[in-house]
Each structure stands twice: as structure tokens, then as C-alpha cells.
Amino acid sequence: MKGLKSCFVKSFSHIYVEEGIEENPLTKEILKKFPKALKVRIKHYKDVFCRPRQNFFVQESSRKLILAAKKGELLYRGPDICHDFGNENFYYTSPALNCIYSCDYCYLKGMHPSANLVIFVNVEDYFKEVEDILKQKPLYLCISYDTDLLAIEGIIALSAMWIEFARGKEDLKLEIRTKSANYSAISYLVPASNVILAWTLSPTEVIKKYEKNTPPLELRLKNIIRAIGDGWKVRLCFDPVLYFENWETAYENLISRTFSVIPADKVNDASIGVFRIPRDYLKRMRKNFPPSEIIHYPYIETGGVYTYDEEVKGKIIEKLWSLLKKHIPEDKIFIL
Amino acid sequence: MFYIVTAYHAEAKPIIEYFGLKKVVKNSRFQVFAGEEVALVESGPGVVASSCATSFLLAEFEATDRDAVLNIGIAGAKNINLKKGDAILCHKIIYHDTKRAFYPDMIARHDMKEGVLETFDFPVIKGNFPEDRIEGDAVDMEGAGFFEAASFFLPPHKVHCIKVIHDYLEGVRVEPSFVSDLIRKNLPLIEGFMSSLESIDCLFSVGLSGKEKEIIDKLAGNLKLTFTMTHQLKNLILFYLSKHERLPGELYDFLNVRVNSKSEGKIYFERIKKLLC
Ligand code: SF4
């Protein structure tokens, strides 16, 4: 049998471009970065992204890029299963769909019909919608939920654009969540006081086993140290926390390593989130992916969300809470 | 299994010879040839014929997600950069009549050229039809019908159109032996692509094996498991297999148990649950 590489076309071998955005400067900028890619004109991004019977699992090995303009609603109310960190008017937005990483537990595998990466180039429309809402109320906005925005900063500098857009807008608070080690892509910017850079941290065992293609813990920590040193507000997200053999030791090591290099007093806040996933997403993942300790774990369903049973959940929260509060004041730790 | 749909016998002939296919004697409207790993149908010309033959072949042979289907045939080129005899793997197929477009998933490696195919309901001849109204690099009369039908059965990375450039839309006579030659010369390239598709399928097959499915069915029947419990059992088996190479020996002991009531079955189910968690 041939090796994996030799039977797949390279990722981003094809770029699908929606009609009407060819002249958008961001489209042009992205296309310039992939001179060898075949450009395919499409009417609507869903013509490719939402084809029936796509195989997400196979597509992950040869992702394509889809450039489009998002129409209709651009901002959504933050879901209950996500932290609002004590903020009112919690919204999220998706400037891109899907991610260049492949975490085993990622809900995107169950949410989207395709593993292809969609980038919406009409960033100005997003900004306008934010400005419209800001006229009525303040906004806490997460812009890197259905993707890892900083990880694709090399393809398109959306994080930088959002940071510049947010700068000085007192009523707007932005969270950019990432597992990347791509801080250097935005390190030239002056830190914005209303932007929080949020890093997801996982034990090395988890990263190696379940967070395919993501940077190792040490690299993430190095990025955090630089960001804090430059004056950025940094959030540490221990989310999702997973339950596996020797999980306690793994998380003890993670937290002690983290605070052995990161000045705890400079951390803006931290979150603990036990693994949880909407029922329908998990169902789809179970159907379409091979046996996995994460996907096929016998979770308990409550209110349409699968998570660990109360006993396991309680143990996880208690453990992480006791580990974290040694370093961070309790009022800065958020639990879900 | 690979399924192949051609319009004409001249296109099918070299494929039949190359893969050593034998005629399948069936009382059907279509000519079918099959070997161990390849089955081919000759549809005749046109979108509807291609669509019907594709559906017939895939339904008759009970195609599953593990299979792939190819439409192989000749086409006229609008794009003069394409050479006569070039095999084109189509990354977009437009049905000229409705302007509906189809997109195969371009995942498997190949050494062919790529292009856009446009399917017409009539033969396109330069001079009789304005060239600026042709969007495709190549033109045929079957691709869109084939693709739409095949998409009902298989995932988009398993449905492909491969067209060999025969002319430049000059309305030349189609010479069967020349058509066969064009296809024959490209079969090694096409086989290379098929081999990529096959490797991907082997590497990425998911779910339970036939034997594991049998065990679940038997346990569900013998222990009078409910639909939900059977589903949970399947999930538990997958969970166990994510950590171990094979199922635990003790599970096989449960295969000999037969219960008289659902409540008795529930007790055994709880024991199986403990074993697999
Ligand atoms: S980094 Fe986040 S978005 Fe990307 S695959 Fe992992 S969980 Fe999903």
C-alpha cells in the first residue's frame, strides 16, 4: 500500500473562490500566497462546503480553502456551554470556519459537513455589524470559536485587523482564543487594553495524543511569556479538561510547569472547562470517525449536551480548582 | 470496488481489455462488464442515459461508501492548451442547460491534468455555438448526468469524471478505433489515480468489522437489548477498541447467554458495560 503522503493531494491544492469577491483585496492577498493552487470559481461557498456525503475524516488530510463573503447574520449570542467570563452581552462571530489543527475532541467535526477551511473576506461587514450593536450596548465578542484565528494569521491577518478595529472602542471587549504558537504574527502590534489573547493549555500527553498538528506545550508557553511581556492581557484556558488514565498527574504537571515559567500575577484570568459537546455533534462524530477514547467515551447526556457523569465532573473541577487557586486569585478563575 | 461508466463501446473496449472484464449476462437495458474489482456499464450518449446507467450500476452492485465510480470518455476541448489525447480529471462539472455545477473532492493524488467540464444536451460544434458561452475547458454530453446520479450513492471524493481530449469542437467524425486508442493510452494514469483512491479508502475505513457487528447483533438478540442499549453497546465496543487491539475474551462468554426477559437482559448489559469501560 502507498504511504499516506503519496496518495493525497497537498492541502490547499485547490482554492474555491465565490463569485463577486474576486476583486476583494483580501481575496487577492490570500491567492498571492498560494501561487500553485488551482482556482475554482463557485457560486456560493455552500455549493462546496455543504455537499452531501462528504468525508470529514478523509478531508482533514487534504483540506481545501474556500473564500467567500458571509451574508445574513454575522454575530451570534454566546452559547450556554461557553464561558462569558462575567461579561454581559456575550457574542461570538466566525470570520472563518474550521481549523488547520485536528483535535480529536473538536466539535467542529460534528458541526460542519466538511473539513475544508472557509475564510470570509468581507471583514468590513463584520465590523459594521459590531458598530451597529455598539450603538445600543457594550459587547463581549469572541472571534476565534469556530476556528483558530491566530493559527491562520499567515494566510490572512484577520486577528490583526480585528485588534486594530477594536482598539480604543471602550464598549467592545474582544477575545482571541488559540492553541497556536503564532504570537509573532501579531507581536508588532501595540497591545490593546480591550483585547484578550486566550491560550488553551493542555497536558503534553493530551497534546501528543489528541491535539493533532497543534504546537507543543512549551511553545505555547513561550508565546504566552512573550505576549505578557509585551503587555497583552492573557487568559489561560484549561478547557477542555479530559478524563483519562493518570489525568490527575498530567494536570498537576501542566499547572506546575505553566506557573513555573509564567508570572501568575500577570495573568488576566483563567478558565476551567470539563469536556462537553452538543449531542448531535457527538453523534455525527461517532458515526464518521474511527474508535477514539474521546469520541466513544460513555458520556452522560443532560439537556442535549454530553459530558462526564457528575462524579467524574466533580472530581475534575475540584482538582483543577485546587491546583489553579494556588497561583491565581479565586475571583479570576471561571468554571464551567 | 471501482465502477466505471462510459457512453460508447469504443470507450469501454480498452478498459474491458485492460482490467480483464467479462460480460455480465443480465436482462437489462445496459451492457455490463465486470471483474473482481471493476464493473463497467455502457450508458449510451446523453445526460439522461448516463444518469440512468450510473444509478443502475451502483444499485445493482449495491455500491457502498467504500467504492468509487468514474465516468471515462472522450471530450472536445475549448481550451487550446489541452492537447489531443490528454486525460483531464475534472474538478468542476457544469450542466450547461441549468448552469448547476458539481464539485468532486480533489483529494486523491493523480498525474493527469485538471480542468472544468461542461456538459451539453447537444453536440457542440465551433461556429454553430458561440464560444464565449462555453464555460468549461472541455465539453461532453454525459458528465453532469453521471455526477448527479452518482452523488446519490457515494461521497464526493469517490465520484470523478475523466475526459480524454478528442478534438477541438470542429465537428469531426468520431472514429471508434481512434477513440479506443486515446482511452487505452491513458489507462496507466487512470489506474494510478484508482490506486490512490484505494489506498485512501484502506487507510480511512471507519467503524466496526463484520465480525464485531455480528457480535453486537447476537448480544442484542440473546439479551433482548432495547434499541438504545444496542446503540450504547456499539459505542462501548468502539470505546474499548480505541484502547485495545481486540475485544476482551470475557465478552464472548456472554454470547452463550439467553435471557427470558428484558429485565434479566439489563442485568447482563450492566455487566458488559463494566467489562468494556
Ligand atoms: S484548535 Fe480548537 S478549533 Fe482547532 S481543531 Fe483544535 S479544538 Fe478545534
- prompt: If you take the C-alpha gyration tensor of chain B, multiply each eigenvalue by 5 and take the square root, what semi-axes do you get, largest first, in whole Å?
  reply: 48, 18, 17
- request: Beta carbons within 10 angstrom, averaged per residue: use that to sort the peptides A:262-269, A:112-119, B:32-39, A:157-164, highest first.
  value: A:112-119, A:157-164, B:32-39, A:262-269
query: Under the Kirkwood approximation for Rh and a Cα-based Rg, what ratio Rg/Rh is obtained for segment B:1-67?
result: 0.93
Mean projected area (nm²) of the alpha-carbon convex hull when the protein assembly as shown is viewed from all directions: 31.7 nm²
query: Which length gain, in nm to one decimal place, applies between B:GLU131 and B:LYS26 when the Cα-Cα distance is subtracted from 0.36 nm times their residue separation?
result: 33.5 nm
query: List the trypsin sites (Lys or Arg not before Pro) in segment B:15-105 that DSSP assigns to loop (not H, G, I, E or B) and whose Cβ has at most 16 other Cβ atoms within 10 Å. Which are they?
result: B:LYS26, B:ARG29, B:ARG66, B:LYS83, B:LYS84, B:LYS99
- request: Report the GluC sites (Glu not before Pro) located in segment A:181-263 that are in a DSSP loop and have at most 10 other Cβ atoms inside 10 Å of their Cβ, or state none.
  value: A:GLU245
field: Cysteines in chain B that, by Cβ-Cβ distance, have no pairing candidate under 4.7 Å
entry: B:CYS52, B:CYS202, B:CYS277
task: Give me the orientation-averaged projected area of the Cα convex hull of segment A:27-81, in nm², one decimal.
output: 6.3 nm²
- request: Give the cross-link partners of A:LYS332 among the lysines, using a straight C-alpha distance below 17 Å as the criterion and excluding same-chain residues fewer than 8 apart.
  value: A:LYS173, A:LYS233, A:LYS266, A:LYS319
field: Net lengthening on full extension, B:LEU208/B:GLU17 (0.36 nm per residue, minus Cα-Cα)
entry: 65.2 nm
field: Phi-based couplings in Hz for segment A:295-307 (Karplus 6.51, -1.76, 1.60; Gly and Pro marked x)
entry: 5, 9, 4, x, 6, 9, 9, 9, x, x, 10, 8, 7
Lysines whose Cα lies under 20 Å from that of B:LYS163, excluding same-chain neighbours fewer than 8 positions away: A:LYS39, B:LYS13, B:LYS78, B:LYS83, B:LYS84, B:LYS92, B:LYS99, B:LYS113, B:LYS126, B:LYS185
- request: With the Cα gyration tensor of segment A:271-336 in hand, give its eigenvalues times 5 under a square root as the equivalent ellipsoid semi-axes, listed largest first in whole angstrom.
  value: 28, 11, 11
query: So what J values fall out for segment B:74-81 if you push phi through Karplus, 6.51 cos²θ - 1.76 cosθ + 1.60 with θ = phi - 60°, rounded to Hz, Gly and Pro as x?
result: 8, 8, x, 9, 8, 6, 6, 6
field: 3J(HN,Hα) from dihedral phi, segment A:193-204, Karplus parametrisation 6.51/-1.76/1.60, rounded to Hz, x for glycine, proline
entry: 6, 9, 10, 10, 8, 10, 9, 8, 10, 9, x, 3
query: Which are the unpartnered cysteines of chain A, meaning those with no other cysteine Cβ under 4.7 Å from their Cβ?
result: A:CYS7, A:CYS50, A:CYS82, A:CYS99, A:CYS142, A:CYS237
- prompt: What value does chain A have for Rg/Rh, both radii from Cα atoms and Rh as Kirkwood defines it?
  reply: 0.95
- prompt: Between the helical axis of B:176-203 and the dominant principal axis of chain B, each derived from Cα atoms, what acute angle in degrees is found, rounded to the nearest 10?
  reply: 30 degrees
message: Once the cut-off is 18 Å, how many percent of the Cα-Cα pairs in segment B:210-276 end up in the long-distance tail?
response: 26 percent
statement: Packing-ranked peptide list from A:221-234, A:142-155, B:244-257, A:169-182, highest mean Cβ count within 10 angstrom first, is A:142-155, A:169-182, A:221-234, B:244-257
Distance between modelled label sites at A:ARG226 and A:PHE244, nm, 7 Å Cα→Cβ extension: 2.7 nm
Ellipticity estimate at 222 nm from DSSP helix runs (n ≥ 4, -39,500 (n - 2.57)) divided over the protein assembly as shown, nearest 500: -10500 deg cm²/dmol
- prompt: Going 7 Å from the Cα of A:ARG53 in the Cα-to-Cβ direction, what parts of segment B:129-147 have a backbone nitrogen less than 12 Å from that spot?
  reply: B:147
- prompt: What are the GluC sites (Glu not before Pro) within segment A:59-130 that DSSP puts in a loop, where the Cβ has at most 16 other Cβ atoms within 10 Å?
  reply: A:GLU73, A:GLU88
query: What residues qualify as long-range amide H neighbours of B:LEU82, i.e. H under 5 Å apart, gap of 5 or more or another chain, H built at 1.01 Å from N?
result: none
message: Strictly over 27 Å apart at the Cα level, which of A:LYS208/B:LYS158; A:LYS33/A:LYS71; B:LYS22/B:LYS211; A:LYS326/B:LYS243 would you flag in this model?
response: A:LYS208/B:LYS158; B:LYS22/B:LYS211; A:LYS326/B:LYS243
Averaged over B:194-200, number of beta-carbon atoms from partner chains that fall within 10 Å: 4
task: Run the quick spin-label model on A:GLN136 and A:ASP331: label points 7 Å from Cα toward the beta carbon, then report their separation in nm to one decimal.
output: 3.2 nm
task: Please find the FRET efficiency linking A:SER187 to A:LYS36, where r is the Cβ-Cβ separation and R0 is fixed at 30 Å, and quote it to the nearest 0.05.
output: 0.55
- prompt: Given that compact globular proteins tend to follow 2.2 N^0.38 Å, what is the ratio of the alpha-carbon Rg of segment A:146-285 to that value?
  reply: 1.08
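FYI, it's all coordinate maths here, none of it is from the lab. Keep in mind that what you see is a predicted model, and the values were worked out from it rather than measured. Glycine gets a Cβ as well: all are built from the backbone with ideal geometry, and neighbour counts include every protein chain shown.
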